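Structure first, then comments.
The values are calculated or read from the model by the stated rules, or taken from the named source; none is laboratory data. Since the structure is predicted, the reported quantities are computational estimates derived from the model, not experimental observations. All Cβ positions, even for glycine, are placed from backbone atoms using ideal geometry, and neighbour counts span all protein chains on display.
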Amino acid sequence: MELQTFYKDWKLLFYSVDRSCVKLYIQSQQKSNLCPSCNMPSSRVHSRYWRVIQDITILSLQVFLHVRARKFFCDHSACSQRIFTERPSDWWPPYARRTNRLTTFLKHLAFSLSAETASKVSKQYGIPTSADSFLYLIRKEEIPPITQPIIIGIDDWAMKKGQRYGSIVCDLQTQKPIALLENRTVQEVSNWLRKYPSIQVVTRDGSTEYAKGIREGCPHAVQITDRWHLFHNLTQKVEQFLKKSFPRHISIGVAELDGHRPSRQKYHPLTASEKRKWELIQQVQLRYKEGQRKADIIREFCIDRKTLDKYLQLKKPPKHTRRGRHSADPCRSEILELLQAKATVQHIFSVIQKQGYDKSFSTLKDYIARLRKREMNEKNTNKIRISRYKLQAYLWSQFLPTQEEQIVFDKLFEQHEALHRLKSVIQAFQKLMNEQKNEQALQEWLLQAEDSKIHEIQQFTHTYDPI
């Protein structure tokens, strides 16, 4: 394929290629050109000159068009302009240094990425462009005029998170932003809405400022709260209620479960030495199953006859639990009594020193820490702990509980009647959002939520009471 095919309106005079760029020397094939002032054609050439235009890359090499441009005489007697240059508007605008297609590509980068990131990416495409040039392209772009919108959405956006917030307005039919407001006050919102009386529907979050601004600026518009904010704000109210009513980790005693707690088998992974021993035992059992005599097995593995008999009876890996003797073990009973009396470690140390304990304070401190940890573990074995976040997820039916978790949830619902009302309200809300979607169902749900006698849910209904 020849280069001429990419430049059909031009005559390729010659070209040169080096390691960094491709230079194409071209001139127009048109014999006449239109005067930009009177729009009359002219074919009388005044002079010629060279200009350089950058084009899109070829094989990641920069392409520069060295154009042999012409100047023409305007022979129209009524025209004030006597000389003009040819202007191929399909290829580049007047005074430009880039072709239209290259500018379009750079604009795509400018509006898709930040200026600094676009500058880095452009180098990878073989079109090194500064961040300031990308900002210039953005500022130069003409903003299309706002047509009379009918359905809009308004929400806040952060100019500086936690400090400065403005408002963004989107046309929900074109799905494009149409305005950025400096703040989210009632006056700012109402002033903007008065300019567009065509607006019939406005979606918003639960902000009372937006609600008041819409009532003042566009009183005939129907206000709609979007689903995401409804779910988000109700979730926050449910979380507030659970935080007020339950600790972060909810503990249920085993005795309270009336013997319904399922047995839990703890799995302890084998250590490296235990794995080697279990492999040896399996080899011994395999030899015996193959019919070898016990005497031959004893000689092969160098084990005692009693050990062989023990190995042949094992059906699972043996687990050895050996606890070394500590220097404070002789005083263990007295230490436990002092701990129950809430004595300090320093006091315990001074007491057992008089009884002959000759080790350091730090050794005793570590020993007491292990005793307390063991006591805590024994207490926890008599309780089942469940996270408050799991309870919240269960209320929203977002996960399937295990058998033990289901027993705990049933016990919590039995002890706290408000949880029944809360779950009923949440289920009705989910059905309202996903299935019913009508005003009568909304009114019924608002009454149900008000009758729940849960303060946080009542606050939510007051915020979203129909306007």
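For a quick check of your reading: which helices (runs of 4 or more DSSP H) sit entirely within region 251-336 and have at least 1 residues that are modelled with pLDDT under 85 and either over 30 Å from Phe413 (Cβ atoms) or acidic (Asp, Glu) (or both)?
272-289
Give the number of residues within region 23-41 that are farther than 18 Å from Pro94 by Cα and either surrounded by 14 or more Cβ atoms within 10 Å (Cβ to Cβ) or not assigned by TED's automatic domain parsing to the domain that holds Tyr125 (or both).
3
Just a yes or no: is a residue in region 45-56 of a type in the set (Gly, Ala, Ser), out of contact with any helix residue (DSSP H, G or I) (no Cβ under 7 Å at 6 or more places or on another chain), in the same structural domain as Gly126 (by TED's automatic domain parsing) and part of a loop (DSSP other than H, G, I, E, B)?
No, region 45-56 contains no residue that is of a type in the set (Gly, Ala, Ser), out of contact with any helix residue (DSSP H, G or I) (no Cβ under 7 Å at 6 or more places or on another chain), in the same structural domain as Gly126 (by TED's automatic domain parsing) and part of a loop (DSSP other than H, G, I, E, B).
Restricting attention to region 48-73, which residues are in contact (Cβ under 8 Å) with a residue 60 or more places away in the chain and of a type in the set (Gly, Ala, Ser)?
Within region 48-73, Ser60 is the sole residue that qualifies.
Only residues that are touching a residue at least 12 places away in the same chain (Cβ under 8 Å), surrounded by 14 or more Cβ atoms within 10 Å (Cβ to Cβ) and outside any loop (DSSP other than H, G, I, E, B): list them for region 74-100, please.
Of everything in region 74-100, those that are touching a residue at least 12 places away in the same chain (Cβ under 8 Å), surrounded by 14 or more Cβ atoms within 10 Å (Cβ to Cβ) and outside any loop (DSSP other than H, G, I, E, B) turn out to be Phe84, Thr85, Arg98.
Which residues, taken from region 443-461, are free of Cβ contacts under 8 Å to residues at least 40 places away in the same chain, surrounded by 14 or more Cβ atoms within 10 Å (Cβ to Cβ), farther than 12 Å from Leu234 by Cα and not charged (D, E, K, R)?
Trp445, Leu446, Gln448, Ser452
What single numbered condition from (1) surrounded by fewer than 16 Cβ atoms within 10 Å (Cβ to Cβ); (2) within 14 Å of Ile152 (Cα to Cα); (3) at pLDDT below 90 fails to hold for His232?
Here His232 clears every test but (2).
Tell me the residue from Leu412, Leu442, Leu419, Leu432 that is assigned by TED's automatic domain parsing to the domain that holds Phe241, of a type in the set (A, V, I, L, M) and modelled with pLDDT under 85, please.
Just a single option satisfies the conditions, and that option is Leu442.
It is to be established whether one or more residues within region 379-397 are in contact with a His (Cβ under 9 Å, 6 or more places away or on another chain), surrounded by 17 or more Cβ atoms within 10 Å (Cβ to Cβ) and not hydroxyl-bearing (Ser, Thr, Tyr).
Yes; the residues of region 379-397 include at least one that is in contact with a His (Cβ under 9 Å, 6 or more places away or on another chain), surrounded by 17 or more Cβ atoms within 10 Å (Cβ to Cβ) and not hydroxyl-bearing (Ser, Thr, Tyr).
Scan region 209-229 for residues that are in a loop (DSSP other than H, G, I, E, B), touching a residue at least 12 places away in the same chain (Cβ under 8 Å), over 11 Å from Ile154 (Cα atoms) and not aliphatic (A, V, I, L, M) and jot them down.
Of everything in region 209-229, those that are in a loop (DSSP other than H, G, I, E, B), touching a residue at least 12 places away in the same chain (Cβ under 8 Å), over 11 Å from Ile154 (Cα atoms) and not aliphatic (A, V, I, L, M) turn out to be Cys218, His220.
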